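Peer 1: Sharing a structure, written as structure tokens. Questions coming.
Only the coordinates and a few stated rules stand behind these numbers; no lab work does. Please read these numbers as outputs of a predicted model, since none were measured by experiment.
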Amino acid sequence: MTNWKADLDALVEATTALTKSVRVEPPMPRTIVEPNRMPPVNLNTSERDEIRQRVANLRAWMRSARPMLRSRDG
């Protein structure tokens, strides 16, 4: 056992110096992001009106997509 106390003391000193040299920075504050809100639901419309609106939207989409679909088929 060759001078283990001196080695231990040197290790303790090196460890102490290392811990004193380390600087702890505070973490970056987190930003709060608002979640996307759902659009308000209109409860006054009947199911029939909702179906009519969906059918109208589908027909409008089909009219706009018809040229694209035809060019793909031929």
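Peer 1: State yes or no: is Arg59 not in a helix (DSSP H, G or I) and not hydrophobic (A, V, I, L, M, F, W, C)?
Peer 2: no
Peer 1: Report yes if some residue within the stretch 30-46 is in a helix (DSSP H, G or I) and at negative phi; otherwise report no.
Peer 2: no
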